[in-house]
Amino acid sequence: MSEVAIRCTGIAAILIKKLEKESKVLLLKRAGTVLPDAWCYIGGSIEDGETAWKAALREIKEETGISLPYLYVSNQYDQIYSANDNYIYMAPVFVGYVPEHQEVILNHEHSAYRWMSFAEAIETASLPGNDAVLMSVERHFAKKSPPDFLRAGKLVVAR
């Protein structure tokens, strides 16, 4: 019996910012050879010894120059099947809230960025499945506040 392996070696992150009383989401336009010219949210690899949420914080900083104190677990996953290597790539999606004044400083992996309404981001995102992830994030993180137990990296205080 042959199986299709599932590999989880990366993360995805969606950033939300309130602009003019509306929640906007950050999409980046890829540069280079990996998904050239694709509009997507932040993604990257998990390094040795790193947790997924810490990798997300690092990738956010590397790709956008934004430092966040914590993220939320979205309970969503990016996934794509690699026909060449016969495996399914999955990446947990994290959500972060960015202050209104925060600037974006792109690294070499991207050629452009835009803060978009969720409707615009859903139409613009290049990869199949990104639309469903964005709809879920809008519903659970933009239209309402997430529960505290979804906060990644939250310090647990012993009682």
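Worth pointing out:
- Cβ-Cβ distance of residue 82 and residue 114, R₀ of 35 Å, FRET efficiency by 1/(1 + (r/R0)^6): the value works out to about 0.80.
- Share antiparallel - DSSP beta bridges, the stretch 5-150, percent rounded to 5: 75 percent
- If you wrap the tightest convex hull around every Cα atom of the stretch 50-159 and split its volume per residue, you get 151 Å³.
- Across the chain, the relative contact order, built from alpha-carbon pairs under 8 Å that are at least six residues apart, equals 31 percent.
- Computed from point charges on the beta carbon alone (+1 for Lys and Arg, -1 for Asp and Glu), the dipole magnitude for the stretch 5-150 about its Cα centre is near 360 Debye.
- Solvent-accessible area per residue for the stretch 66-159 (1.4 angstrom probe, square angstrom): 63 Å²
- Each residue, residue 102 and residue 35, gets one label point 7 Å from its Cα in the Cβ direction; the gap between the two is 1.9 nm.
- Accessible surface of the chain, 1.4 Å probe, proportion on carbon and sulfur as whole %: 52 percent
- A helix-only calculation puts the chain at -5000 deg cm²/dmol for mean residue ellipticity at 222 nm, using -39500 (n - 2.57) for each DSSP H run of at least four residues, averaged over all residues.
- Linear extension gain, residue 145 paired with residue 123, 0.36 nm per residue minus alpha-carbon span: 5.5 nm
- Protection proxy ranking for 15-24, 142-151, 53-62, using the average of other Cβ atoms within 10 Å per residue and placing the highest first: 53-62, 15-24, 142-151.
The values are calculated or read from the model by the stated rules, or taken from the named source; none is laboratory data. What you see is a predicted model, and the numbers here were worked out from it, not measured in a lab. Positions of Cβ are backbone-derived with ideal geometry, glycine not excepted, and every protein chain shown enters the neighbour counts. Only protein heavy atoms, including side chains, enter the accessible area calculation; ligands, DNA and RNA are left aside. Shrake-Rupley method; radii C 1.70, N 1.55, O 1.52, S 1.80 Å.
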